[in-house]
Amino acid sequence: MPWVKRVLLFAFAVALGWTLSATHPQTAGAARIEASCANSTSDAANINAAIAGSRVGDQIIITGQCLINQTIKLLGDRSYRGESRTGTVLRQQDGANIRAILASDSFLDNDPKTGTPVSVRQLTLDGNRTHNSAPTSGIILRSWQTVVSDVQITSMGGHGIWFTNESANGTRLTNTSVNGQITGNFITDSGGHGVYVDDPGNSLTDWNLSGNWIANSGLDGIHLDNAAGWVVHNNHIYGVPENAIYANRLWGTSISDNYVEDFGRSARAGTWYGIQATVQGGVASTIADNKVFNINGESNPASTYRYIGVSKVNYGTGVLSVTGNAVRGGGSPNGTGFYYARGSGDSLLVSSTGNIVTDVGTGRRSDDDHVQITRGM
């Protein structure tokens with residue numbers, strides 16, 4: 001009878017719904033957890049207590065001026081945000097000398113697995129490096145599918161953002177930590193690198209690093225120990241003592257539309273690059289539409305300046321497309337527009353077209369007969 005069918009269908013739907021909810025926990029009821037600061041020595045402990053009491057899916061909202069004397073532990077599967085860059089400021093207390101202002105739980109817990117996703121938005125992190133001697137980093141990441149956006153990071157003794165394979169005690173990841181985004185941040189006055197990807201293995205691949213302003217770093221603006229699968233796009237980098245962008249192990253990597261005002265401003269003599277890459281054999285990568293300059297000249301006459309270059313192929317045959325880049329040097333004989341070297345690999349194949357180079361001592365240089373440069377198709 002029709003009413004029997006309706007009852008049976010209703011019972012089936014209820015049973016199915018119960019089964020799905022049991023196997024796939026819902027987070028529709030996620031809470032907003034507020035952690036308010038009072039520029040007090042208890043602020044960091046209060047923030048950590050609020051996070052520890054939260055649940056998966058919750059949003060932790062940090063407000064006010066926060067005095068930080070312990071690292072804030074970012075539990076996974078949660079979002080963290082402030083009111084604005086000026087409305088929420090986490091400033092390291094004088095003499096606290098902590099490892100980081102914010103850090104992934106998997107880093108602090110020495111977990112061999114990557115942390116679960118987090119997002120961090122709309123706040124300022126101030127390392128107060130004048131009154132702290134430790135190499136404090138703004139954010140230490142060790143969580144996959146993570147987003148860091150609209151964050152100002154300033155005055156760190158260490159790195160602005162440090163994405164690491166190794167935990168606090170050196171435990172390496174046994175899996176991968178992929179598919180994240182670092183976008184729209186202002187990172188300034190770091191003692192180390194502005195953004196540092198530290199991967200002695202092959203775990204930290206396939207992220208987007210885009211739309212950031214990175215200024216006055218102590219070492220490189222962007223330093224990627226593993227650039228495989230990364231998209232490095234539309235970043236503005238200036239006040240660089242060493243390399244503006246260092247990208248190791250290109251593999252399906254895109255470096256495009258970045259604006260480098262200067263690089264190699266260190267008083268220490270060295271060989272410095274606007275964009276430096278090393279290339280893996282297999283697949284191919286692109287370096288396109290970048291603007292690489294030394295607006296105020298090449299500051300150290302004892303240094304060598306290479307505006308865009310491949311310093312080596314790590315193995316096999318490296319394949320690279322280099323197109324549409326604009327290089328304007330400092331007008332000294334120490335500058336080379338494009339530099340290509342094979343290194344220990346078998347060969348390097350470069351398709352180069354549509355680039356413009358001016359005000360350098362050497363427009364293009366290749367150090368090896370096994371480097372083949374063509375105009376492409």
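Tabulated data for the structure shown
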{"read-out": "Region 293-321 residues that are free of Cβ contacts under 8 Å to residues at least 40 places away in the same chain and within 18 Å of S347 (Cα to Cα), paired with ones that are in a loop (DSSP other than H, G, I, E, B) and among the polar types (S, T, N, Q) (beta carbon under 7 Å, 6 or more apart)", "value": "K312/S344; Y315/Q280"}
{"read-out": "Yes/no for G57 being at positive phi, assigned to a loop (DSSP other than H, G, I, E, B) and touching a strand residue (DSSP E or B) at 6+ places or on another chain (Cβ under 9 Å)", "value": "yes"}
{"read-out": "Lone qualifier among R129, R99 - being of a type in the set (K, R), out of contact with any helix residue (DSSP H, G or I) (no Cβ under 6 Å at 6 or more places or on another chain), surrounded by 17 or more Cβ atoms within 10 Å (Cβ to Cβ) and more than 20 Å from I51 (Cβ to Cβ)", "value": "R129"}
{"read-out": "Selection count, region 240-254, where residues are over 8 Å from I275 (Cα atoms) and among the aromatic types (F, W, Y)", "value": "1"}
{"read-out": "Filtered residue count, region 350-370, keeping only those that are buried (at least 18 other Cβ atoms within 10 Å of the Cβ), among the hydrophobic types (A, V, I, L, M, F, W, C) and assigned to a strand (DSSP E or B)", "value": "2"}
{"read-out": "Scope region 301-318; condition more than 17 Å from G337 (Cα to Cα) and surrounded by fewer than 23 Cβ atoms within 10 Å (Cβ to Cβ); matching residues", "value": "A302, N314, Y315, G316, T317"}
{"read-out": "Residue that is modelled with the lowest pLDDT [pool: residues in region 339-377 that are over 15 Å from F293 (Cα atoms) and among the aliphatic types (A, V, I, L, M)]", "value": "M377"}
{"read-out": "Members of region 201-211 that are within 17 Å of Q152 (Cβ to Cβ) and part of a loop (DSSP other than H, G, I, E, B)", "value": "G211"}
{"read-out": "Qualifying residues in region 256-296 (those that are small (G, A, S), surrounded by fewer than 23 Cβ atoms within 10 Å (Cβ to Cβ) and at pLDDT 95 or above) - the one nearest to V319 (Cα to Cα)", "value": "A284"}
{"read-out": "Cβ-Cβ under 7 Å pairs, at least 6 apart or on other chains, region 265-277 side farther than 17 Å from N290 by Cα and of a type in the set (S, T, Y), far side assigned to a strand (DSSP E or B) and modelled with pLDDT of 95 or more", "value": "T271/T304; T271/R306"}
{"read-out": "Flag for A49 being part of a helix (DSSP H, G or I), within 25 Å of G127 (Cβ to Cβ), among the hydrophobic types (A, V, I, L, M, F, W, C) and modelled with pLDDT of 95 or more", "value": "yes"}
{"read-out": "Among (1) closer than 22 Å to G274 by Cβ; (2) touching a residue at least 40 places away in the same chain (Cβ under 8 Å); (3) among the aliphatic types (A, V, I, L, M); (4) part of a loop (DSSP other than H, G, I, E, B) - the single one I214 does not satisfy", "value": "(4)"}
{"read-out": "Yes/no for T336 being out of contact with any Lys or Arg (no Cβ under 6 Å at 6 or more places or on another chain) and at pLDDT 95 or above", "value": "no"}
{"read-out": "Number of the condition not met by F163 [criteria: (1) surrounded by fewer than 20 Cβ atoms within 10 Å (Cβ to Cβ); (2) in contact with a strand residue (DSSP E or B) (Cβ under 6 Å, 6 or more places away or on another chain); (3) not charged (D, E, K, R)]", "value": "(1)"}
{"read-out": "3 or more residues farther than 13 Å from V322 by Cβ and over 18 Å from the mean Cα position of the chain (by Cα): qualifying strands (runs of 3 or more DSSP E) within region 231-294", "value": "271-279"}
{"read-out": "Residue within region 185-200 that is surrounded by 19 or more Cβ atoms within 10 Å (Cβ to Cβ), in contact with a Phe, Trp or Tyr (Cβ under 6 Å, 6 or more places away or on another chain) and not in a strand (DSSP E or B) present", "value": "no"}
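The values are calculated or read from the model by the stated rules, or taken from the named source; none is laboratory data. These numbers were taken from a predicted model, which means no experiment stands behind them. Every residue, glycine among them, receives a Cβ derived from its backbone with ideal geometry; neighbour counts consider all protein chains shown.
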